[in-house]
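Chemist: My structure is below; once you've seen it, I'll send some questions.
Where a number appears in this text, it was derived from the coordinates with a stated rule and is not lab data. All values reported here derive from a predicted model rather than from experimental measurement. Glycine also receives a Cβ, built like all others from the backbone with ideal geometry; neighbour counts cover every protein chain displayed.
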């Protein structure tokens, strides 16, 4: 390790602050870095199994105690924001036929549509000739032959740019409402319940080419062309209710080319055909934040190489955008993610925003190469990082985390923690503050008979603070505390491991403890406790008293290797000592 004491160089006098801030300070924070310390334990996990590991640390102590999830991610730099609650969709437009950059942003709400004109960095609400503003817009955009399109539940409206006027309108022949839609520069795909309609866009005309009825109601669809944005797509992708399937159909005849059963009971909410590095994919996002993705053969429509990742916990909306001349996909959810390809492998990078419901690319004079993003309350315009940066997510525990391990089979983390309680007059104790171990969905308490004959040599008095140690079972996706197990009075948790033992196929959480008393220089008693977590329940499978503190444990050749005070022992599945 080298220490450098080079002086700080100031390249110009303009770097010096000569005016004080409102607080009277001449010191301004240029950049801040999150403090992760003290880090007492950590584990590296690849939750999405995409080769992109993330570090989960036990950081801080007492009321500042937390888990920190550290991973490479992509940053969004905010340039403007507007308080606009209730946005249900947004799209950029080039209203003037001669413009090469976007000059309008269309926002959709329940029962209405609002149009914002972009003039430099100024934003002003306006009306758009040919568009309806008293209905919710499902899609709008620039299409072929210098035309604009607006799709609502009532109709599809085609508007010429010069002069700006309505030139064609398509309505469902039986007057029924459009439920979902997709559009490219030359085609429109609509679903009215179970019925699919395919329209083509011509100069001043919307031409219905075909229709078909599916077995179940259509939940989502896509007609993105994979051979260039100005071409016609020969394929469409749809997701269905009821049978929870994704299908590839040919256009314009709606012939079924491939049917993929997704399984489960969660319906697909967004489906997208896209290309990364000249490879074609189908992405299908479900209502619970899960994402299926497949390789797509554009000649046959067949899907292969099925894979699944979890992006969030809420319905996900998939939208494409371009950055550095490459195609990327933005997954809008409670944990927004950018999807791109590196060496012909899809990479999923978190975005440094808490929640994004809708997104569209925006390239205006005032906001070039930007993204417009909407959540429940705000419209934000920003630019995206060209490179990944380190992003840190904090999960507050409000108590001291000590050890952590990951168990893949239960999709949970095991965390050893301690909280502070105060002795009350009745002989019991109460927590200083609400914390993770007091607010779990379920709980249990140790009732070991191993130490029934021993008594604590130290009696606590009224008002004295005591440590209470716990095992927390934490969901890997939501980081919600599913269960907490409280250990005995004066029992400190010291070590934790998740492993299989012998030929037993089950995976266990194993905790090593020590009975700690103030007048003992070194613990004389401790426990090794084996837990199994399954079906939302934590069960104590086995326990063993040991003569000292279990400072560390590892799995070794199907056995448990433990260090106890100055001794190393090996146990089997039933905690029978094999050697010392």
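Chemist: Considering every Cα-Cα pair within the range 394-571, what fraction, in whole percent, is farther apart than 19 Å?
Modeler: 58 percent
Chemist: Given 10 Å bins starting at zero, what is the percent of C-alpha pairs of the range 34-89 in each, up to the one with the largest pair distance?
Modeler: 18, 31, 23, 25, 3
Chemist: In whole angstrom, and with the biggest value first, how far do the Cα coordinates of the range 375-450 range along each principal axis?
Modeler: Projected onto its principal axes, the Cα set of the range 375-450 covers 59, 33, 21 Å.
Chemist: On to the next question. From largest to smallest, what semi-axes in whole angstrom does the range 102-186 give when each is the square root of 5 times an eigenvalue of its alpha carbon gyration tensor?
Modeler: Working through the eigenvalues yields semi-axes of 22, 16, 11 Å.
Chemist: Here is a further query. What does the convex hull of the Cα atoms of the range 76-388 come to per residue, in Å³, rounded to a whole number?
Modeler: Output value, Cα hull per residue: 124 Å³.
Chemist: I need to check one value: relative contact order of the range 394-571, counting alpha carbon pairs closer than 8 Å and at least 6 residues apart, in percent.
Modeler: That works out to 17 percent.
Chemist: Let me ask something else about it. If you average 1/r over all unlike Cα pairs in the range 356-403 and invert the result, what Kirkwood radius do you get in angstrom?
Modeler: Its Kirkwood hydrodynamic radius stands at 13.8 Å.
Chemist: Under 19 Å from the 7 Å Cα→Cβ point of residue 121, by amide nitrogen: which residues of the range 49-92?
Modeler: From the range 49-92, the list is 76-83.
Chemist: Given R₀ = 25 Å, what would the calculated FRET efficiency be for residue 517 paired with residue 568, taking r from the Cβ atoms and rounding to 0.05?
Modeler: Efficiency, rounded to the nearest 0.05: 0.55.
Chemist: Quick check on the chain: what are the equivalent-ellipsoid semi-axes from the Cα gyration tensor, as sqrt(5λ), descending, whole Å?
Modeler: Ellipsoid semi-axes (Å, largest first): 56, 31, 21.
Chemist: Given a Förster distance of 60 Å, report the FRET efficiency between residue 504 and residue 327 from their Cβ-Cβ distance, rounded to the nearest 0.05.
Modeler: 0.80
Chemist: While we're looking at this one, here's another question. Give me the orientation-averaged projected area of the Cα convex hull of the range 302-422, in nm², one decimal.
Modeler: If you wrap the Cα atoms of the range 302-422 in a convex hull and average its projections, you get 12.2 nm².
Chemist: Using a 10 Å cut-off around each Cβ, can you sort 26, 517, 358 from fewest to most neighbouring Cβ atoms?
Modeler: Ascending Cβ contact count within 10 Å gives the list 26, 517, 358.
Chemist: If I take every Cα pair under 8 Å that is 6 or more residues apart in the range 355-404, average their sequence separation and divide by the length, what percent do I get for the relative contact order?
Modeler: Dividing the mean separation by the residue count of the range 355-404 yields 24 percent.
Chemist: Let me ask something additional. Going by average Cβ density within 10 Å per residue, which order do the peptides 411-417, 157-163 take, highest to lowest?
Modeler: Most protected by this proxy first, the peptides run 411-417, 157-163.
Chemist: Could you calculate the FRET efficiency of residue 64 with residue 145 from 1/(1 + (r/R0)^6), where r is the beta carbon distance between them and R0 is 45 Å, rounded to 0.05?
Modeler: Approximately 0.15, to the nearest 0.05.
Chemist: Return the distance in nm (one decimal) between the two label points of a simple spin-label model at residue 44 and residue 166, each offset 7 Å from Cα along Cα→Cβ.
Modeler: 6.1 nm
Chemist: OK, next. Short version: what are the Cα gyration tensor semi-axes of the range 202-302, square root of 5 times each eigenvalue, largest first, in whole Å?
Modeler: 22, 17, 12
Chemist: State, as an integer percentage, the relative contact order of the chain based on alpha-carbon contacts under 8 Å between residues 6 or more apart.
Modeler: Worked out over the chain, it gives 10 percent.
Chemist: Per 10 Å bin, what is the whole-percent P(r) computed from every C-alpha pair distance within the range 169-261?
Modeler: Spelled out per bin, shortest first, that is 17, 53, 27, 3.
Chemist: Work out how much length residue 176 to residue 313 would gain on full extension: take 0.36 nm times their residue separation and subtract the Cα-Cα distance, in nm to one decimal.
Modeler: The span from residue 176 to residue 313 would gain 46.1 nm if fully extended.
Chemist: For the range 30-186, evaluate the Debye formula with one uniform point scatterer on each Cα (no solvent term) and list log10 I(q)/I(0) at q = 0.19 Å⁻¹, rounded to two decimals.
Modeler: Treating every Cα as an identical point scatterer, log10 I(q)/I(0) equals -1.14.
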